[in-house]
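Take a look at the structure below.
The values are calculated or read from the model by the stated rules, or taken from the named source; none is laboratory data. Here the structure is a predicted model, which is why all the values come from computation and not from measurement. Here the Cβ positions follow ideal geometry from the backbone for every residue, glycine too, while neighbour counts run over all protein chains shown. The area values use the complete protein model at the heavy-atom level, side chains included, leaving out ligands, DNA and RNA. Shrake-Rupley method; radii C 1.70, N 1.55, O 1.52, S 1.80 Å.
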Amino acid sequence: MKQVAIGLLHPGEMGAAVGTTLRGAGHTVLWASDGRSAETAARAERAGLVDARTVEELVRRSEVILSVCPPHAALDVARSVAGFGGIFVDANAVSPATAREIDATLDGSFVDAGLIGPPPREPGSTRLYLAGPEAESVAAAFAGTALEPRVVSQEAGAASALKMAYAAWTKGTAALLLAIRGLARAEGVEEDLLEEWQLSLPDLIGRSSAAVRSADRKAWRWVAEMEEIAATFASAGLPEGFHLAAAEVFRRTEAGVR
């Protein structure tokens, strides 16, 4: 893809890192400060993003719009750019059904995307899976950057399905570890459990500690992600209860309940 103007909605930790990656490839990356927090504004400034002030102005000036936001906000973010005729890339942790619902709200082209890995800062760390008729065009915008693009299908929904399947394990098992630690704590045997893990399943010590740290920071956004995963399982005729329970674990973590 030639150098283009790309609108970024809205630059959180991941979004800002993606914006920095696109800037490094020579693209102009815009964001809209209207209604955003001072923290978000500082993050966008550090990333070197151009402030279009309003979403309407961002839409007017962009050829591509990239949505990187909490999954519960993905549909509303897509609706906020009604009338945009360019390529809209939804890179949020949503179900294939939600991705297709987003597609139905748009006037332009839609690319379904899924980010796997940490905020991209070095090559080999993070992948951007893409699906849809314009997926190859979007992949070209990231060519040679720290964020590796991978086109999985010409059909929108496939990238989201891959993201759901991946996170079903990584975050679903984190929720299971949190729940197990909670059970052991309630029964007064948590230290005994940790000692047994150290003897027979030592990798669970580090994994459970990492799950606690991550959930403390991100449980608020993982609730909706687990619900999207549950919906994905249900649509495939598979049990949804695993990840509805995981959503409840993260909801309790967010509320400070251990």
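Observations, loosely collected:
- For region 71-114, the solvent-accessible area of protein heavy atoms averages 34 Å² per residue (probe radius 1.4 Å; ligands and nucleic acids excluded).
- Kirkwood-Stokes translational diffusion coefficient of the chain, alpha-carbon pairs, 10 °C, 1.306 mPa s, µm²/s: 83 µm²/s
- When Rg and the Kirkwood radius Rh are both evaluated on Cα atoms of region 191-258, their ratio Rg/Rh stands at 1.08.
- Amide N proximity, region 178-222 versus Asp76 label position 7 Å along Cα-to-Cβ, cut-off under 15 Å: 221
- The accessible surface of the chain, taken with every protein chain in place and a 1.4 Å probe, is 53 percent carbon and sulfur.
- Of all DSSP beta bridges in region 24-146, antiparallel share, percent nearest 5: 35 percent
- Here the label points at Glu196 and Arg53, each 7 Å from Cα along the C-beta direction, are separated by 6.4 nm in the simple model.
- Highest mean packing comes first when the peptides 225-233, 186-194, 61-69, 123-131 are listed by Cβ atoms within 10 Å, giving 225-233, 61-69, 123-131, 186-194.
- Candidate aspartates and glutamates for bridging to Lys218, where Cα separation is under 12 Å - those fewer than 8 sequence places away on the same chain excluded: Glu13, Glu254
- Separation of the Ser209 and Gln3 label points, Cα + 7 Å toward Cβ, nm: 4.7 nm
- Set of region 1-34 residues, backbone N closer than 11 Å to the point 7 Å along the Cα-Cβ line of Glu45: none
- Hydrodynamic radius of region 63-212 per Kirkwood, over alpha carbon pairs, in Å: 17.2 Å
- Helix-only mean residue ellipticity at 222 nm for the chain, each DSSP H run of n ≥ 4 adding -39500 (n - 2.57), per residue, nearest 500: -17000 deg cm²/dmol
- Cα-Cα P(r), region 1-83, percent of pairs per 10 Å interval: 20, 57, 23, 0
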